Each structure stands twice: as structure tokens, then as C-alpha cells.
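These notes concern the structure reproduced below.
Readers should treat all values here as calculations from the given coordinates under stated rules, not as data from a laboratory. Computed from a predicted model, the values in this text were never measured in an experiment. For neighbour counting, all protein chains shown are included, and Cβ atoms are generated from backbone atoms with ideal geometry for every residue, glycine included.
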Amino acid sequence: MRTSGVLMHISSLPSPYGIGTFGKEAYRFADFLKKAGQSYWQILPICPTSFGDSPYQSFSAYALNPYFIDLDMLCEGGLLEREEFEGLNWGNDFSKVDYALLYQNRFIVLRKAYDRFKKALPADYAAFCKENEYWLDDFALFMSLKDSHGGEMWTKWENPLRMREKAAIKSARGKFADDIGFYKMQQYFCFTQWKALKDYVNSLGIKIIGDMPIYVSGDSADVWSLPRQFMLDNEGKPVEVAGCPPDGFSADGQLWGNPLYDWDYMEKDNYSWWCRRISSAFKIYDTLRIDHFRGFESYYCIPAKDKTAINGHWRKGPGMKLFNRVKEVYGDLPIIAEDLGFLTEEVRQLLKDSGYPGMKVLQFAFDSREESDYLPHLYDKNCVVYTGTHDNDTIIGWIQTAPKSDVEYARKYMRINGDENFNWGMMKVAWASPADTAIMMMQDFMGLGSEARMNEPSTLGSNWQWRIDGVCINDWMAQIIYENTEIYCRLPNKKIKNDAKLDTDENKKKTVS
């Protein structure tokens, strides 16, 4: 069945409190998607952000971002007074997230909620903590210890805590019991509010596509609590780190800095870490996009001491051994493989063997020097087409920054004259493609330029900030999107006419026989 959806992160939603939340504007956006005839709402990872404010560098692979807790809902629940958060400075530019102000003010407000929360715990709170104790206990302790060390990385803590000596951990759990409770409360409200929102989205016939980074942050509860799963030295520091080799986009490559997995150990452990992580993700999302899928076939290793990715080398990954184990435990799961970047025949074979749909990005299609695998006439059905992702410029930004020969090739391919409505022309090509699913960025419906770009890889300081003006989420825009979705036969539960005719002909044959 042909379907479509919209990519927009929770942080980009309107809100008077500095960042989008799981509150009423998220429900309003879900209603917008329903009116627009969409089947999917794709978001970025909703885990806590750490270095660089990136959702792909988190303190936990399991926790949710406390910035997304809706303060109005806490107020309605009697945990906050309105004057405790309405008068605070959440930023003067409503088109951008000011993460420094959020960090400064959000936790002050949540502490006030905690003071009331712990006096009368909700009836389901103990059950929530028990159900999630396999990650929640270590995460809450990790964050409490991190606070007590002024935010320092865990590799700089005193040795007993860094190495998780039993006596030190037991003592810390008692000493920081109140702080631990504070972090558990945050996760309780994150999961409670998110579940209510997701249930509502699903009730509209819309599914959530979530995003799982292949790697976890070195400064995370995951690495601190389970160091054996990673390639670390005796002090808990990585010997080699993750990244991408130099290419046409970056002469030095990309140095991500994440610790690498000890795949040999993981195989002996029946990939239990990955099975648990994927299982947890499917409690949060309906469909899971796994980032940097090619890293499961071969992954790029960079010496930890290096400042660039130039001296890295490739090493074989687990391949189908991991995914066969996941299928053995959970059956076939709705997973999207982010298979972008440098692809080899081995990577293509892994994608084929997995059966997962890969990704096609139209902005990569129009290299005027050679024919690209991303041109729509080369697609098979089992893929998801994007005009661009969170790592790309907007369509309007692309035509202003891409090589002129590439833009001209795109115009000829899409039969577009000039730049007017170029964004709609590219989206229509994506909708018209054979791909089973087509996902568009919300910025492109609005015709925004590079100022609305979500992320520019290998840069710091201005990423992950874009927010939508609430007036742009309206019935007029929904109707335009709906009409295009209908034209290209991507409405939910809408069969293509030829398929319907085939069904009818088949039924006639059965009747005659």
C-alpha cells in the first residue's frame, strides 16, 4: 500500500515555554496530519540531549527528554502553579530553541513539581519504576552523580564510582536518594505524557516513526553501567571511536566520537543488549528507523586520540547474525534501514537479506556527472523516499547552495521552470515515485530556506533549533497536502485503481468457477 508522512521533531512544535512538548500543540499537529491524509508522523530520537544539544548524543538510550514534559499538564495536575513557569525567560525568538535557557530554567520548575509529587505518589508510579528498573535505576543514579560532579564525564569521576564498585554504588544510592527520585519522576511524566499522545495519534490511524542512533554516547548511563558491551580500555575510555571517512562533503571525514561495540562479546551474549534496546524502542514507536545501517556490515574505526577521521579504517560488523537473532526473538518488525552514505555490494546484500526498506533521498539524486541510485525511476517499491532528512538543507536551501549544474539537472528531470514552487515540484516527484512510503519535511511544505535547516553535520552551535510558527499548522495547508496525497494514491487504506480492478476481476473468476 502506498503511504506518506511528515517529518517534524517534537522540539519543533509551537509552545510558549521554549521548546515543543507532548502537550496540546502536539495533539493539534496530529489532527493536522489526519486532515492532510497522512499515515505517518516521523520524529527524531526523543531521548535526553547532551553535548551539542543533539538527540543523537544522549545520556541514555532508553530515557526520554524531560524538556518535552508539558508544563501546562503538570499545572492541570496540581503539581505546578502557573506563575512558577509563565514568568520565566524561555527565549525571545520563538523560531528557535534556546537550549541554554532551557537547561537553566526547566529543571528549576521541575524541582518545584517534584516537591509536590513526592508527597503523594501516583498509584501507578511504583509499577512504572518496576517495569523500567533494568535501565531506570542506573540512569537516575548516573544523572544524580553527574550533577554532583558538576556535569563532568563519568570517566573523570573518582575510581570507585567510575568502576562501579559495589560499596560505592550502594552508598551513592543512599546519599543521592532524593535526586534519584527527581530523575525517576521526570521519566514517569515523560512516558505517561508520551503514551497518551501516541495513543491519540494511533487513534487517528497515524503511526509514529521513531529514530534509533546506531551508537550511544560515551558519556551515558549505558556505557557506564554496561562497559563490557563496548570496546574500552581499563579506565573505561574508548580505544577507537565511531565516525565516517573523508568524502566529497567533508575532506576530514566525520569524527562522531562514540565508543564502538564489542561485537564478539555481544555475539557470545546472544545480542541481548540489542534485543532489549530494540524491544524498548517498539514500546515507544510504531516503526523504527535505524540510523547508519551500513555500520552493521562494516563500521569505521578512528583512533580515539585523533582530532579528525582521516586515519580511520573499516572493520567487519555483525551483519545478519544480529538481525537473525532479533527476528528469532521478536519476529519481523517494521524497521527502516538508513542505508545512506558509502555503500558497497556487501551493504546492499545485507539490506536485501534483512528485508528492511532502505532510504532514498532526492537531494542526492541529481549529480549532473553521473546517474544516481537515488533517481526515482530506479526505485523498487520496498523503500522510503525523502526529499531530504534532518541532515539535509531544505529544498529551497538546496537550490541556493547546490552546484548549479545539479540544480539545472533537477529542473530538467522534474520539468520545473525556474525556482518558483521548486519545493512542491520535488515533493510531487517523491510522491509519484514507486516507493511504498514517501516522507516530507514540514519545512518544505512551507517553502522555507536554510534558516529552517535542522542540522548541518560536523558543525556545532546552531543545530536542532528550528521551530514552526503555529499559524502554519492550518486547514488550508492540510487541504493542499491532502489533495496531493490523493493524486498520488497515498491516502490511508486507499487502493490503487488498477489494484482494485485486479481484485474485482479475480473475484469474478472465483464466482464463475
Which whole-Hz couplings ³J(HN,Hα) result when phi for each residue of the range 25-40 is put into the Karplus expression 6.51 cos²θ - 1.76 cosθ + 1.60, θ = phi - 60°, listed in order with x for Gly and Pro?
5, 5, 5, 5, 5, 4, 4, 4, 5, 5, 5, 7, x, 8, 9, 9
Size of electric dipole in the chain: Cβ of Lys, Arg +1 and of Asp, Glu -1, about Cα centre, debye, nearest 20
1200
Please turn the phi angles of the range 419-428 into ³J(HN,Hα) values with the Karplus equation 6.51 cos²θ - 1.76 cosθ + 1.60 (θ = phi - 60°), one per residue in order, whole Hz, x for glycine and proline.
9, 5, 6, 4, 4, 5, x, 5, 5, 5
Could you tell me how far the Cα centroid of the range 465-487 sits from the Cα centroid of the range 301-365, in Å?
33
Once amide H atoms are placed 1.01 Å from N in the peptide plane, what residues at a sequence separation of 5 or more from residue 240, or on another chain, have their amide H within under 5 Å of its amide H?
260, 304
Report, by chain and number, residues whose modeled amide H sits under 5 Å from the one on residue 440, excluding near sequence neighbours (fewer than 5 apart, same chain).
5, 6, 7
Selection from 399, 8, 447 lying farthest towards where the dipole of the chain points positive, charges on Cβ
8
Where Lys and Arg each count +1 and Asp and Glu each count -1, what net charge lies around residue 255 among other residues with Cβ under 9 Å from its Cβ?
-1
Can you give the net charge of the other residues whose Cβ lies under 13 Å from the Cβ of residue 17, counting K and R as +1 and D and E as -1?
-2
Report ³J(HN,Hα) in whole Hz for each residue of the range 209-223, in order, from the Karplus equation J = 6.51 cos²θ - 1.76 cosθ + 1.60 where θ = phi - 60°; Gly and Pro get x.
9, x, 10, 10, x, 5, 9, 10, 5, x, 8, 9, 5, 5, 6
For helix 345-354, report the angle its Cα long axis makes with the longest principal axis of the Cα atoms of the chain; keep it between 0 and 90° and round to the nearest 10°.
80
Given unit charges at Cβ for Lys, Arg (+) and Asp, Glu (-), the dipole magnitude of the range 226-357 about its Cα centre in debye, nearest 20, is 280
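For Cα pairs less than 8 Å apart in space and 6+ apart in sequence, what is the mean separation divided by the residue count of the range 226-357, i.e. the relative contact order in percent?
Once divided by the residue count of the range 226-357, the mean separation gives 25 percent.
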Within the range 16-52, backbone nitrogen closer than 12 Å to the virtual label 7 Å beyond the Cα of residue 277 toward Cβ:
none
At the level of C-alpha centres, the distance separating the range 421-450 and the range 192-266, in angstrom, is 28
Can you give the charge dipole size of the range 1-107 about its Cα centre, rounded to the nearest 20 debye, using +1 on the beta carbon of Lys and Arg and -1 on the beta carbon of Asp and Glu?
640
Using the Cβ atoms and a cut-off under 14 Å, what net charge is assigned to the surroundings of residue 481, where Lys and Arg are +1 and Asp and Glu are -1?
-1
So the pair-distance distribution of the range 226-357, from every Cα-Cα distance in 5 Å bins, comes to percents of 2, 10, 18, 21, 21, 16, 9, 3, 0
Angle between the chain longest axis and helix 177-203 axis [Cα atoms, degrees, rounded to 10]
20
Per-residue ellipticity at 222 nm for the chain, helices alone: DSSP H runs ≥ 4 residues times -39500 (n - 2.57), over residue total, nearest 500 deg cm²/dmol?
-12500 deg cm²/dmol
